Amino acid sequence: MLASQALVQSEQYSAAQKSQAQIASLSAHAALLAQQVTILKSERDTLVRQQNQAQQDISAMRETVSFFESLLQSNDRSRIANFVACDLQLLEPGKYRYRLLLVQGMNRTDELLGRLQVNLQFVEAGKKGRISLGIDPLIPVKAKHYAKLEGELAPPAGASNLLMDVQFFGEQGNQVQASCQKKI
């Protein structure tokens with residue numbers, strides 16, 4: 001009887017050791033799987049960042065292609081200069097970015113020289129107002145074939161009925177060589 005109890009205890013002890021070994025093995029395997037999940041999450045996050053960057057790069061390239069297409073399609077060679085893009089975008093409340101594309105018109109080998117004046121007309125509290133950039137100090141323009149011009153405008157808080165009027169003056173005198181308008 002004692003021998004059979006010793007045999008049962010020995011078998012139970014052996015089974016307990018096997019169970020503990022299995023638990024240790026499963027815990028190690030679970031730790032390995034958790035580590036692999038962490039690595040995979042990190043790789044996924046890296047891929048998401050790379051995808052977002054690639055989408056931004058594609059967007060910038062599309063804008064560049066659009067820019068060159070507009071140069072090819074919209075250029076009026078009969079004038080000294082012409083605006084083929086004239087845009088005003090809201091950056092945040094009370095802050096706007098203007099983006100302009102001025103192209104040289106005539107078949108000229110010399111540079112396009114002059115100055116830019118950007119005016120923003122608005123209505124504030126029922127009264128008309130105006131902001132002008134390019135008067136003092138001047139906004140010089142020096143370009144060969146085209147010039148991408150941009151800057152920021154900040155009308156007063158609550159301004160409405162925004163109208164941007166842009167004028168390009170040649171290097172000699174105050175004659176307007178090109179102009180464009182954008183209303184928001």
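The values are calculated or read from the model by the stated rules, or taken from the named source; none is laboratory data. Just so you know, these numbers come straight off a predicted model, no measurement behind them. A quick note on method: Cβ atoms are made from the backbone with ideal geometry, for glycine too, and the neighbour counts reach across all protein chains shown.
Does S66 count as at pLDDT below 90 and among the small types (G, A, S)?
It is true that S66 is at pLDDT below 90 and among the small types (G, A, S).
Go through (1) part of a strand (DSSP E or B); (2) hydroxyl-bearing (S, T, Y); (3) at pLDDT below 90 for T109 and report which single condition fails.
In the conditions (1) part of a strand (DSSP E or B); (2) hydroxyl-bearing (S, T, Y); (3) at pLDDT below 90, T109 misses (1) alone.
Could you please let me know if L149 is under 24 Å from the mean Cα position of the chain (by Cα) and farther than 13 Å from L90 by Cα?
yes
Scan the range 160-184 and report the pairs whose first residue is on the phi > 0 side of the Ramachandran plot and whose second residue is surrounded by 15 or more Cβ atoms within 10 Å (Cβ to Cβ), with Cβ atoms within less than 9 Å and a gap of 6+ or a chain change.
Hits for this filter: N161/Q121; N161/F122; N161/V123.
Looking at the structure I just gave you, is S14 out of contact with any strand residue (DSSP E or B) (no Cβ under 9 Å at 6 or more places or on another chain) and modelled with pLDDT under 85?
yes
Is there any pair with a first residue in the range 135-159 that is outside any strand (DSSP E or B) and of a type outside the set (A, V, I, L, M) and a second that is modelled with pLDDT under 85 and surrounded by 11 or more Cβ atoms within 10 Å (Cβ to Cβ) whose Cβ atoms are under 6 Å apart and which are 6 or more apart or on different chains, and what are they?
H145/Q104
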